[in-house]
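What follows is a single structure, written as structure tokens, with notes after it.
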Amino acid sequence: VMITGNIDLSVGYQLCAAAIMCVLVLNATGSMILAVIVALMIGAFTGSINGLVVTKIGVNPLIATIATNYIYKGFSYYFTENGALSPDKALKDSLKSIAKAQLFDSKWLTVTIILFVAVLAIMFFLLYKTRFGNALYITGDNAEAGAFAGIDVKNTTLLAFTLCGVFCAAAGILLTSSNGGLTYTLGEGKDVFAISACVIGGIKMTGGKGTMVNVLTGVLIMRIISKALDMMLLPQQWSNFVSGALLIVILLVDSLSSRKKA
């Protein structure tokens, strides 16, 4: 989404909405497979709603995703009675089995890690080896030129938002599986983390530039900061403070370098 020159501030509660549907479907049907499929479909739906509002109605992505974030947040609050939601006792082990599953009994080969690496590899291929990836970069770099070159800029942006929603849903499923349930605050702060990781990694807010290596670098930097402060027994607020300060410095440097280049 950011490579296309847009932004999505609703990722946290897209994640939460998909996770809620996963638990609700699991309780209703007892099928973990069906619950996962429905959750991923909800993610695709919420992502496409964002994309449609931005591309078809023409609303600024910042305003559009703030608005949809409140919608998804309201949905999350409505379906989490007493602020929490968990599967029936008989189904809890089925939900937890996703995050607990290990390949060759190795703690480093969990479903979460395997999926993370797989998504990085798939997106690396998608960005560099396909027409869609090329269209993403051109849309972010110069949408008007892209349109003259025959690229469907609106559909490219719509698909980017839809993919974002699917990945949000996957993250929601994994977080819910790891916790054995969820609270209405499951998505709180995830939008800031995602955007910060991208920007700190080197993805341009203006679009057209960025790689999966940038994403991985940003995620690692954010996690290293968090773990280092945890080891120093400092409260979570310090992690937020340091991450925010680092983000401002990087944006300042990026702004100055862009002016110099111009």
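Quick note: the coordinates plus some simple rules give every number you see, no bench work behind them. As the structure is a computational prediction, the values presented were derived from the model and not from experiment. As a convention, Cβ positions derive from the backbone with ideal geometry for all residues, glycine included, and neighbour counts pool all protein chains shown.
Two numbers describe the Cα atoms of the chain: Rg and Dmax, which are 19.0, 62 Å.
According to the Cα gyration tensor, what semi-axes, each the square root of 5 times an eigenvalue, does the equivalent ellipsoid of segment 35-179 have, listed from largest to smallest in whole Å? Write out the running numbers ahead of the final one.
On the way: eigenvalues 218, 101, 17 Å².
The answer is 33, 23, 9 Å, longest axis first.
Helix 89-100 sits at what angle to the longest principal axis of the chain, using alpha carbons and giving 0 to 90 degrees rounded to 10? Its long axis makes an angle of about 40 degrees. Set the Cα radius of gyration of segment 93-154 against 2.2 N^0.38 Å, with N its number of residues, and you get 1.75. Entry note: segment 171-262 has Rg to Rh equal to 1.04, where both radii use alpha-carbon atoms and Rh is the Kirkwood radius. Measuring r between the beta carbons of R223 and D152 and using R0 = 41 Å, the FRET efficiency lands at 0.65. Computed from the Cβ-Cβ distance with R0 of 35 Å, the FRET efficiency linking N142 to I57 stands at 0.95.
Set the Förster distance to 30 Å, then compute FRET efficiency between S178 and I71 from the Cβ-Cβ distance, nearest 0.05.
Details: r = 26 Å, r/R0 = 0.87.
FRET efficiency, S178 to I71: 0.70.
In order along segment 216-228, the Karplus-derived 3J(HN,Hα) couplings, from 6.51 cos²θ - 1.76 cosθ + 1.60 at θ = phi - 60°, round to 4, 4, x, 4, 5, 4, 4, 6, 4, 4, 4, 5, 4 Hz, and Gly and Pro are given as x.
Subtracting the Cα-Cα distance of M231 and M123 from 0.36 nm times their residue separation leaves 35.6 nm of extension gain.
Using only the alpha-carbon atoms, how far is helix 111-129 inclined from the longest principal axis of the chain? Give it as 0 to 90 degrees, nearest 10. Helix 111-129 sits at roughly 20 degrees to that axis. If you run the Gaussian network model on the chain, springs between alpha carbon atoms under 10 Å, then out of S178, S106, S94 the most flexible one is S106.
Can you pull the percent of Cα pairs in segment 8-101 with separation above 20 Å? Within segment 8-101, distances greater than 20 Å cover 41 percent of Cα pairs. Full extension of the chain segment joining F132 with S258 gains 42.7 nm, where the gain is 0.36 nm per residue of separation less the Cα-Cα distance. Coupling constants for segment 79-88 follow from the phi torsions by the Karplus curve (6.51 cos²θ - 1.76 cosθ + 1.60, θ = phi - 60°), and in residue order they are 8, 9, 5, 6, x, 9, 8, 9, x, 4 Hz; glycine and proline get x. Between 0 and 90 degrees, the angle of helix 32-52 with respect to the longest Cα principal axis of the chain falls at about 30 degrees. Simple point charges give the picture: +1 on the Cβ of Lys and Arg, -1 on the Cβ of Asp and Glu, and for segment 158-247 a dipole about the Cα centre of about 240 debye. Dipole of the chain (Lys/Arg Cβ +1, Asp/Glu Cβ -1, origin at the Cα centre): which of A170, N69, A135 lies farthest to the positive side? After comparing all options, I get A135.
Kindly write out, for segment 179-189 in residue order, the coupling ³J(HN,Hα) from the Karplus curve 6.51 cos²θ - 1.76 cosθ + 1.60 (θ = phi - 60°), rounded to whole Hz, with x marking Gly and Pro. So the Karplus estimates, Gly and Pro as x, are 8, x, x, 8, 10, 5, 9, 4, x, 5, x Hz. Of the peptides 63-73, 112-122, the ranking by mean beta-carbon count within 10 Å, highest at the top, reads 63-73, 112-122.
Summary of the geometry: segment 144-166 and segment 199-231, compared by the centres of their Cα atoms, lie 24 Å apart. Computed extension length for L246-F116: 44.3 nm, one decimal, from 0.36 nm per residue of separation with the Cα-Cα distance subtracted. Could you give log10 I(q)/I(0) at q = 0.31 Å⁻¹ for segment 203-254, computed by the Debye formula over C-alpha point scatterers of equal weight, without solvent? Each listed q corresponds, in turn, to -1.17.
With a sphere of radius 12 Å drawn around the Cβ of F161, what net charge do the other residues whose Cβ falls strictly inside it have (Lys, Arg +1; Asp, Glu -1)? Can you show the working numbers first?
Values: positive: K56, K154; negative: D8.
Net charge in that neighbourhood comes out at +1.
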